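Q: Here it is, the structure, as structure tokens.
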Amino acid sequence: DCTGEKMASSDLDNIKAALGGLQIGSFGDLLAAFGLSTLPTAQRYGILVGCCVFFITISAVLGLLVFGGSFKRIADQSMKDGAPMPDNVSQREGRLLLLERLIEAKERMLKENYPNGYSAVKSSLKFTRLTTMLMNVAPSKEPTEAVPDLVDDEFKKKKASKERNVKSNKYESRTIIPSGYQENYTRAYRRCQDLPGGEILSGLPECRFEAYARAFAGSGLNTTTKYRRSYARLYEAIACQTHATEKKITGIFESRPQDLVGRTIQLEPLEVERHAGKIFQMTNGCAIGSEKEYNPNEVWGFLDYGPFKSVKEISDSPVFQLAENQAAFAVIDSVTDKVIGAVYLSNDDPKNLSIQLDLPIIRPTSDGTVQQIEACFLLLDRLFAHGYRRVQMSIDSMDVNSKKMPGRLGFTQEGLLIKNMIVKESNRDSSIYGMLNSDWDKGARNYLFAKLHGKKAQAADEAFDLKEDEIEIQSYLLRLKREREAKEKKVSK
């Protein structure tokens, strides 16, 4: 042991003696001490720069360790005998909260669509409340008593003498204007006057203003302003292409103002009296016109109901007998004005702002067409405008053709549910696809819009929205300035 201590002390003395002999008065002495004085100048500077970078890096790391709290965490870990990992309660408290408009949308839909509490039982209404929420709004007429029953005879005689040439009727109609409709109509009409979406049709100087205004106001108070602008501008472009299209779209508005209008299709709320016979004829496998006969199981094979043998059978089926948490629309071809299918929403969950888009029931020859895609687009656009955060599609894993539809719409596959359902007395595995509101806003909507209407129309739609946003911000700032000036005048007085 003594020998080892003597060796260690002698080595230390040798190192001290060697370092003590160094005399460094300049950078050249430093290079000579390390045997680098014979190197070319470029290499010397390279070594100098490398040393500087090394010391800066070491200093930065030490600074981060000290000021970033790493030393403190190391000390905490040593005192607590482990890493201070946050518990699940702390992580839950740190979650981001919903936007206020989404919370308001959730409360509104629960109150208006399910006033008696959420339920999946069969609806007793002509249209489910969910269907009504997604329809356009418009002024409507309802009968009201013109003359009270309890008026005296003398008053009746005077009334009759004054209205001798008027056809007597106990009831007359009055116009019911939805809340906020008139304000939105006026606002949109004036904006379109300032910036119409195209050339004015000859002989119809106000057709563009009226089309834009009724579509903007018809979208309702509970959709986003961005959606209303886009739908109204698209509606204006469709309606005002020619005099013929203007007449047709105006006729649709006058007879069925609640319908959603697209470029290739219209969506009508599904009704037994209006659509049952047409849906049956379209899906029973029989030949129609130039279209050949086909196996009806191509339509109904992966559903829990159908094929049907009669119009009554399909009328009494879930195709038309909807639950309260469902909505259904007939798809009408814009060229032929014929029913080509129906599109459904189910599993409405307003508490979580989630809903399911079911595969459209459509004739095989129309599968994958632009009409099918636009029908889904119109509903998706309005759902997200109302505040939904997630739309789901659930498809039989063996239905190879139908599994193409989510990809066409931009959905993301989320998983596979094994033995998820029993369909026609057999197991069904369901492929689940989802679309989030963030996905829709960040690109899925623009992708589908361009696919349906062209990239030029999509770019124009986006530019129009940005310009309208700028105008609204300027108007808001101007209003604040006027209010501030008015307050200053009151104070000065």
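Q: Where only protein heavy atoms count, and the probe is 1.4 Å, what is the accessible area per residue for region 325-392 in Å²?
A: That works out to 27 Å² per residue.
Q: Something else: Looking at the square roots a ≥ b ≥ c of the eigenvalues of the Cα gyration tensor of region 307-427, which shape do they give, rounded for a/c under 1.5, prolate if a/b is larger than b/c, or oblate?
A: Rounded is the answer for region 307-427, as its axis ratio a/c remains below 1.5.
Q: Report the calculated FRET efficiency for Lys309 and Thr132 (r = Cβ-Cβ distance, R0 = 45 Å), to the nearest 0.05.
A: So, using R0 = 45 Å, E works out to roughly 0.90.
Q: Further question: Output needed: percent of Cα pairs per 5 Å distance bin for region 431-493, bins running from 0 to the one holding the longest distance.
A: 4, 14, 13, 13, 13, 9, 9, 7, 6, 6, 4, 2, 1, 0, 0
Q: Strictly over 18 Å apart at the Cα level, which of Lys141/Lys248; Lys126/Lys351; Lys351/Lys403; Lys404/Lys451; Lys278/Lys404; Lys226/Lys467 would you flag in this model?
A: Flagged as over cut-off: Lys141/Lys248; Lys126/Lys351; Lys351/Lys403; Lys278/Lys404.
Q: Report the gain in length on full extension from Ala460 to Ile176: 0.36 nm times residue separation, minus Cα-Cα distance, nm rounded to one decimal.
A: My answer for the length gained is 98.7 nm.
Q: Name the GluC sites (Glu not before Pro) in region 179-218 that are in a loop by DSSP and that have at most 13 other C-beta atoms within 10 Å, would you?
A: Glu199, Glu206
Q: Let me ask you something else. Quick one: 3J(HN,Hα) in Hz for region 98-103, Karplus 6.51/-1.76/1.60 with θ = phi - 60°, rounded, Gly and Pro as x.
A: The phi angles translate into 5, 4, 4, 5, 6, 5 Hz.
Q: In addition: Taking a ≥ b ≥ c as the square roots of the Cα gyration tensor eigenvalues, with a/c under 1.5 meaning rounded and otherwise prolate when a/b beats b/c, else oblate, which class fits region 398-470?
A: Here region 398-470 falls in the prolate category.
Q: For region 421-493, give the percent of accessible area contributed by carbon and sulfur heavy atoms, probe 1.4 Å, rounded to a whole number.
A: 55 percent
Q: Please give, to one decimal in nm, the separation of the simple spin-label points placed at Ile422 and Ser37, each 7 Å out from Cα toward the Cβ.
A: 9.6 nm
Q: Do any trypsin sites (Lys or Arg not before Pro) in region 265-311 lie in a loop, going by DSSP, with at most 13 other beta-carbon atoms within 10 Å of their beta carbon, and if so which?
A: Answer in residue order: Lys292, Lys309.
Q: Mind listing the Cα extents of region 189-339 along all three principal axes, in Å, largest one first?
A: 55, 38, 24
Q: Can you tell me how region 300-354 classifies by the Cα gyration tensor, rounded, prolate or oblate, using a/c under 1.5 as the rounded cut?
A: oblate
Q: Ok, one more. What distance in nm separates the two pseudo spin-label positions at Lys351 and Thr336, each 7 Å out from Cα along the beta-carbon direction?
A: Rounded to a tenth, the inter-label distance reads 4.4 nm.
Q: Which FRET efficiency value, to the nearest 0.05, do you get for Lys487 and Leu62 by plugging their Cβ-Cβ distance into 1/(1 + (r/R0)^6) with R0 = 60 Å?
A: That gives a FRET efficiency of 0.60.
Q: Further question: Report the gain in length on full extension from Leu477 to Val370: 0.36 nm times residue separation, minus Cα-Cα distance, nm rounded to one decimal.
A: Gain on extension, Leu477 to Val370, equals 34.2 nm.
The values are calculated or read from the model by the stated rules, or taken from the named source; none is laboratory data. This one's a predicted model, so the numbers in the text were calculated from it and none came from an experiment. Note: ideal-geometry Cβ built from the backbone for every residue, glycine included; neighbour counts use all protein chains shown. What goes into the accessible areas is simple: the full protein's heavy atoms, side chains included, and nothing from ligands, DNA or RNA. Shrake-Rupley method; radii C 1.70, N 1.55, O 1.52, S 1.80 Å.
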